[in-house]
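Before any comments, here is the structure.
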Amino acid sequence: MTADQRTGPSRANAFAGLRVLDFSTTIAGPHCTRMLADMGAEVIKIESSDGDTMRNRPPVRDGYSTAFGQLNVGKKSIVLDLKSAEGREAVRRLVTTADVLVENFRPGVMRRLKLDNASLRGLNPKLIYCSISGYGQTGPSAELPAYAPAIHAASGYDLAHLAYQPNRHQPDYCGIYLADVVSGIYAYGAIASALYQRRTTGEGQHIDVSMLESMLSLTLNELQSAQFPVKKQTRPQFGPVETADGYVMIAIASEKSFRSFMQAGGHPELISDPRFAEYHHRREHWAELMDIMETWSRTLTSQQCLAALDRHGVPCSAYRTVAEAMADPQTAHRQAFADVEDGGGTFKVLNQPFRLSGGNPAPTPRVATLGQHTRAVLADAGYSADELAALGVG
């Protein structure tokens, strides 16, 4: 490994000089703004006196949540009471210096506070205002309450996933909030696009991100089969393949990988078997093919099976825990994790999963305490000592 590979390029600064006002809470919005912060933007997280609810989500050490830290490291934190006239006025002052505003309140909340896009546009025509919500800002479902599990169900994702589970009749529980993460990524991409467009037009715009549609984007094949139903679902299912001491995942997604799998498993004759030689026939007889191959895999330990598959270039993996994935030498090589710190100590957060030759995204290694930057940010906005006192800023 070269010195450049060990240390990598300098920290990304693509968004250096940009100011982001972050009103978002929980996961989707904070995930988006964490990405902006990692790319060099100044992100000012605006919280109530109670703070983002994620500040209390486990794991918590000495009162500090690492779940909150992973989503919000590198941001400044200020406390404002948006229900008060003084708090709303502070937002308006900050908006005049901002490039981006991100919020994920239920549609209508910011309008009632007169902090919506239309109300703020006159203060700063260049402002890019991003709203993330369950169903979008308008329409018959717009104001319904929405959290990721409800969106998973509403989007069809849960039942689409169920269709690939043999002999299952009840949707799975899903504790991983895909809708939040995907929506945050789409919001980040939309903001980057709007910033680029602003270079030409000189004007900002409103971005409306729907969690429902973000989840629909994960059902690529299902969107088409919903329009053009097939008589029988014969798509190959890549699932656990049994070994002598557990299971491995084998993904046979190409003709080359199919042939390699047959060679690795000692069944080269199946390459020309009429049941399997052509892809469309293989789809029809997939379960039969996997039953045959498991007569081979069950004679090997998982590690022996993986070694044989690797020798033949077959895509495969052990089933690992997240802790095991974090310990993979590949993630160390990629510098996939950064050490950050809060009041409870040091912990690791995931870096962004892309690398740029001109500078890598990386978090500023400190998580702000609630309201830590209120005085400094407002003083920079021109607030006098008396005005700060009127806002209750000590």
Give, as residue ranges, the helices (runs of 4 or more DSSP H) completely inside the range 140-259 that count at least 1 residues that are outside the structural domain of G313 (by TED's automatic domain parsing), closer than 25 Å to M39 by Cα and not β-branched (V, I, T). 178-201, 211-216
Among the residues of the range 52-74, are any buried (at least 16 other Cβ atoms within 10 Å of the Cβ), closer than 26 Å to Y383 by Cβ, β-branched (V, I, T) and out of contact with any helix residue (DSSP H, G or I) (no Cβ under 7 Å at 6 or more places or on another chain)? no
Just checking, how many residues over the range 13-33 are touching a Pro at 6+ places or on another chain (Cβ under 9 Å) and modelled with pLDDT of 95 or more? 2
On the basis of being among the polar types (S, T, N, Q) and either at pLDDT below 95 or part of a loop (DSSP other than H, G, I, E, B) (or both), does S119 make the cut? no
Answer yes or no: is there a residue in the range 91-106 that is closer than 26 Å to A362 by Cα, out of contact with any helix residue (DSSP H, G or I) (no Cβ under 7 Å at 6 or more places or on another chain) and aromatic (F, W, Y). no
Among all residue pairs at least 6 apart or on different chains, which show Cβ distances below 8 Å where the first residue, located in the range 163-186, is under 18 Å from P240 (Cβ atoms) and the second is modelled with pLDDT of 95 or more and assigned to a helix (DSSP H, G or I)? D172/D158
Only one residue in D52, D81, D62 is of a type in the set (D, E), modelled with pLDDT of 95 or more, more than 16 Å from Q352 (Cα to Cα) and in contact with a Phe, Trp or Tyr (Cβ under 8 Å, 6 or more places away or on another chain). Which one? D52
Just to confirm my filter: which helices (runs of 4 or more DSSP H) fall fully inside the range 1-110 and include at least 1 residues that are under 29 Å from Q197 (Cβ atoms) and charged (D, E, K, R)? 28-38, 85-95
Which residues, taken from the range 279-337, are at pLDDT 95 or above, small (G, A, S) and over 30 Å from F347 (Cα atoms)? S297, S302, A307, A308, G313
Go through (1) at pLDDT 95 or above; (2) out of contact with any strand residue (DSSP E or B) (no Cβ under 9 Å at 6 or more places or on another chain) and name the single condition R6 misses. (1)
Consider the range 34-57. How many of its residues are under 17 Å from G184 (Cα atoms), in contact with a strand residue (DSSP E or B) (Cβ under 7 Å, 6 or more places away or on another chain) and of a type outside the set (A, V, I, L, M)? 1
Apart from one, (1) over 24 Å from G40 (Cβ atoms); (2) surrounded by 17 or more Cβ atoms within 10 Å (Cβ to Cβ); (3) outside the structural domain of R93 (by TED's automatic domain parsing) all hold for N351; the odd one out is (1)
Scan the range 217-241 residue by residue and report those that are in contact with an Asp or Glu (Cβ under 9 Å, 6 or more places away or on another chain) and either β-branched (V, I, T) or modelled with pLDDT of 95 or more (or both). T234, V241
Quick check on the range 356-370: of everything there that is of a type in the set (A, V, I, L, M) and touching a strand residue (DSSP E or B) at 6+ places or on another chain (Cβ under 9 Å), which residue is farthest from Q70 (Cα to Cα)? L370
Looking for whichever is surrounded by 19 or more Cβ atoms within 10 Å (Cβ to Cβ) and in the same structural domain as A187 (by TED's automatic domain parsing) here; the options are E86, E47. Which one fits? E47
Restricting attention to the range 371-394, the residues that are touching a strand residue (DSSP E or B) at 6+ places or on another chain (Cβ under 6 Å) and either over 21 Å from T97 (Cα atoms) or hydroxyl-bearing (S, T, Y) (or both) number exactly 1
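The values are calculated or read from the model by the stated rules, or taken from the named source; none is laboratory data. Model, not experiment: these values are computed from the prediction. Ideal geometry is used to build each Cβ from the backbone, glycine not excepted, and the neighbour counts take in all protein chains shown.
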